[in-house]
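Trainee: Once you've had a glance at the structure underneath, I'll fire off some questions.
The values are calculated or read from the model by the stated rules, or taken from the named source; none is laboratory data. Everything numeric here is computed off the predicted structure, so don't read it as measured data. Ideal geometry is used to build each Cβ from the backbone, glycine not excepted, and the neighbour counts take in all protein chains shown. Each accessible area value is taken on the protein alone, full model and side chains, heavy atoms only, with ligands, DNA and RNA left out. Shrake-Rupley method; radii C 1.70, N 1.55, O 1.52, S 1.80 Å.
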Amino acid sequence: MDARAMARHFAESMIGHRNSLAGKAEDAVKAQYALHRTATALTDQAEDQGKAARTVLEHWKGDNSEGFERRSARLGRQLRTTADAARDAEKVVAGVTSALTTGHARARLAVDEYLDKAAGLLDTGLKVGTRAALLKAVGQAADLEPRYTKETAEAVRHARGELEDAARRLRALEKDVEHEGVADGRAERTRGGAGGRTRPSNARGKGRSRTIVSAARRELGTRESPPGSNRNPYGPTAAWCSSFATSMWRKAGVDIPVLPFTGDVFRWGQRNGKAYRSLSAVRPGDVLLFGTGPSSPATSRHIGIVEKVSGGTVTLIEGNSGDAVRRNTHELSPATFYGGVHP
């Protein structure tokens, strides 16, 4: 009688959990790689298309050249939007890959530990050679199984939760791409009606604000790694609340560099006619500046992206809040914020 084969019989459920996690982790790695290649290819295509269009327009001035330029610019925006969505999706899937890999490792260790202990018990019973000793060993091996199966089942439940959260985030990404008119051209039809009229600038501003807020929401939970290091995916290794905010603006097409110091964001707003001191001007997609003024890190301490304004409170999505991207609600007060900037 093979003691380890008998132990594997008791471990069927936990082995199934382990194998399921391994298969899902492998699928996630493949999806992550495919999204990376897609984002890279779309970015390259957008750059090539832009260069080709500029070359054509250098040698073509005529009645139809302006229409060509508009269509070319639209195509470039669509390619860049889709590439950004693919990068964001890659990041989502990377988180799932990590969770699945961790879960598989946890399940594998539980299975290996159980098989070693159960096989040891059964071997002892077999060596004694009596029916009573063998039955006792079988009972002991069976009694061990529920604790280890519970551990592997918990790893599966945690991984399932990560998959469901990722699915929600990916659906939100899909909606953002559709909102930008890439999927079915709706945004372009909204921009131009009869006679080729474009949307009013305030409508374009609202669309940009929604894009900023959606991009920021997708980053909720992103942490610096390792904790306390200030290493982050948005800018240099430094306090990164401002790098996060300006990075989200750039995703929405705002012509602003990644600015690690919050006061520089306010100064950018002043130069571009977008900064304000009166908090009555605040709206979603803006940034609000914590402190008393933009002169130094001591007076301009923090920054957040406005998600929602409700009465006397404002909800912000903030980078580097407890070493992570978090949603926080504050009193909308000049005692907290010295001003804000429109994107």
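Trainee: Which of the residues spanning segment 99-141 are among the aliphatic types (A, V, I, L, M), open to solvent by less than 70 Å² (accessible area, probe 1.4 Å) and over 16 Å from Asp2 (Cα atoms)?
Mentor: Narrowing segment 99-141 to residues among the aliphatic types (A, V, I, L, M): 99-100, 105, 107, 109-111, 115, 118-119, 121-122, 126, 128, 132-135, 137-138, 141.
Still in the running and open to solvent by less than 70 Å² (accessible area, probe 1.4 Å): 99-100, 105, 107, 110-111, 115, 118-119, 121-122, 126, 133-134, 137-138, 141.
If the condition is that a residue be among the aliphatic types (A, V, I, L, M), open to solvent by less than 70 Å² (accessible area, probe 1.4 Å) and over 16 Å from Asp2 (Cα atoms), then Ala99, Leu100, Ala105, Ala107, Ala110, Val111 are the ones that fit.
Trainee: With the checklist (1) modelled with pLDDT of 85 or more; (2) touching a helix residue (DSSP H, G or I) at 6+ places or on another chain (Cβ under 7 Å) in hand, flag the one item Pro226 doesn't pass.
Mentor: (2)
Trainee: Next up: For Glu90, indicate whether it is surrounded by 15 or more Cβ atoms within 10 Å (Cβ to Cβ), of a type in the set (Asp, Glu) and either more than 30 Å from Ala11 (Cβ to Cβ) or in contact with a helix residue (DSSP H, G or I) (Cβ under 7 Å, 6 or more places away or on another chain) (or both).
Mentor: Yes; evaluated as a whole, the condition is true for this residue.
Trainee: Follow-up. How about segment 300-320: which of its residues are assigned to a loop (DSSP other than H, G, I, E, B) and at pLDDT 95 or above?
Mentor: Hits for segment 300-320 are Gly319, Asn320.
Trainee: Now for a separate question. Quick check on my filter: what residues within segment 231-279 are surrounded by 20 or more Cβ atoms within 10 Å (Cβ to Cβ) and polar (S, T, N, Q)?
Mentor: Hits for segment 231-279 are Asn232, Ser242, Ser243, Thr246, Ser247, Thr262.
Trainee: Tell me, which residue of segment 280-299 that is in a loop (DSSP other than H, G, I, E, B) and under 21 Å from Gly207 (Cα atoms) is most open to solvent (accessible area, probe 1.4 Å)? Write out each step before concluding.
Mentor: At the first step, the residues of segment 280-299 found to be in a loop (DSSP other than H, G, I, E, B) are 282-286, 292-299.
Now drop any that are not under 21 Å from Gly207 (Cα atoms), which leaves 282-286.
Working: Val282: 20, Arg283: 114, Pro284: 57, Gly285: 0, Asp286: 0 Å².
Here the answer is Arg283.
Trainee: Still on this structure, please answer the following. Do we have His59 as at pLDDT 90 or above, more than 33 Å from the chain's Cα centre (by Cα) and not polar (S, T, N, Q) here?
Mentor: no
Trainee: Take Arg218 and tell me if it is open to solvent by 10 Å² or more (accessible area, probe 1.4 Å), within 15 Å of Glu307 (Cα to Cα) and either in contact with a Lys or Arg (Cβ under 7 Å, 6 or more places away or on another chain) or without any contact (Cβ under 8 Å) to a residue 12 or more places away in the chain (or both). Please lay out each step first, then the result.
Mentor: Numbers: open to solvent by 10 Å² or more (accessible area, probe 1.4 Å): yes; within 15 Å of Glu307 (Cα to Cα): yes; either in contact with a Lys or Arg (Cβ under 7 Å, 6 or more places away or on another chain) or without any contact (Cβ under 8 Å) to a residue 12 or more places away in the chain (or both): yes.
When the stated conditions are applied, Arg218 passes them.
Trainee: Residue under question is Arg267, and the condition is that it be closer than 24 Å to Asp88 by Cβ, of a type in the set (Lys, Arg), touching a Pro at 6+ places or on another chain (Cβ under 9 Å) and in a helix (DSSP H, G or I); does it hold? Give the derivation first.
Mentor: Numbers: closer than 24 Å to Asp88 by Cβ: no; of a type in the set (Lys, Arg): yes; touching a Pro at 6+ places or on another chain (Cβ under 9 Å): yes; in a helix (DSSP H, G or I): yes.
Answer is no for this residue.
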